[in-house]
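Report on the following structure.
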Amino acid sequence: MSMLLDLGRIRSASERVDRVFEPAAFGPAGEDFRVIAPVDLKAEVQKDARKFRLVGRLKTTLETACSRCLEPFAIPIDTPFDLLFLPASEAATDAESEIGDDDVGVSFYEDDEINLGDVLREQFYLALPMKPLCRDECQGLCPVCGINRNTGTCDCKTDWIDPRLEGLKNLRPRG
């Protein structure tokens with residue numbers, strides 16, 4: 001299934017777009033995440049002359065690495081979006097003056113097409129947490145030996161004293 005939305009086929013002021021994309025359509029892993037479930041896109045395309053507004057919801061499951069233990073884990077994504085698309089030929093200053101709603105994202109289209117693949121990838125990044133954690137109580141990795149503290153233990157000493165501050169120990173009165 002093509003990831004291009006042909007704007008030339010939209011004749012009415014509002015049309016529904018319901019598409020499901022398989023994970024393979026997003027290419028191999030190599031980004032900060034991997035799509036591991038079909039991507040369900042349900043949206044309404046609102047047409048106003050040469051402006052198009054895409055309002056809808058995106059559902060899928062992404063796999064990413066935990067920021068503490070680096071183990072991959074699944075994150076369900078169910079996020080709304082509201083995007084405004086203007087012709088690429090319009091100057092950016094003109095586009096900014098026409099937009100009054102701060103919640104609307106603005107993008108540009110060329111050749112009467114919107115690349116839904118790019119739109120979806122952007123929404124994936126926006127939906128991912130800044131510091132993804134496999135679980136709240138994740139122990140992370142040992143900074144000395146690198147063992148995953150969720151699955152094993154080690155006897156490493158993790159008390160570290162900054163050598164630049166070593167001389168301050170002599171200033172402390174001993175009692």
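The values are calculated or read from the model by the stated rules, or taken from the named source; none is laboratory data. Note that the structure is a prediction, hence the values are computed from the model and not measured. A quick note on method: Cβ atoms are made from the backbone with ideal geometry, for glycine too, and the neighbour counts reach across all protein chains shown. The area values use the complete protein model at the heavy-atom level, side chains included, leaving out ligands, DNA and RNA. Shrake-Rupley method; radii C 1.70, N 1.55, O 1.52, S 1.80 Å.
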Among Glu110, Glu90, Glu63, the single one that is within 28 Å of Leu133 (Cβ to Cβ) and either out of contact with any Gly (no Cβ under 7 Å at 6 or more places or on another chain) or at pLDDT 95 or above (or both) is Glu63
Among the residues of the stretch 129-165, what is the count of those that are open to solvent by less than 80 Å² (accessible area, probe 1.4 Å) and not in a loop (DSSP other than H, G, I, E, B)? 2
Under 7 Å by Cβ, and 6 or more places apart or on different chains, what pairs join a residue from the stretch 141-166 that is on the phi > 0 side of the Ramachandran plot with one that is of a type outside the set (D, E, K, R) and part of a helix (DSSP H, G or I)? none
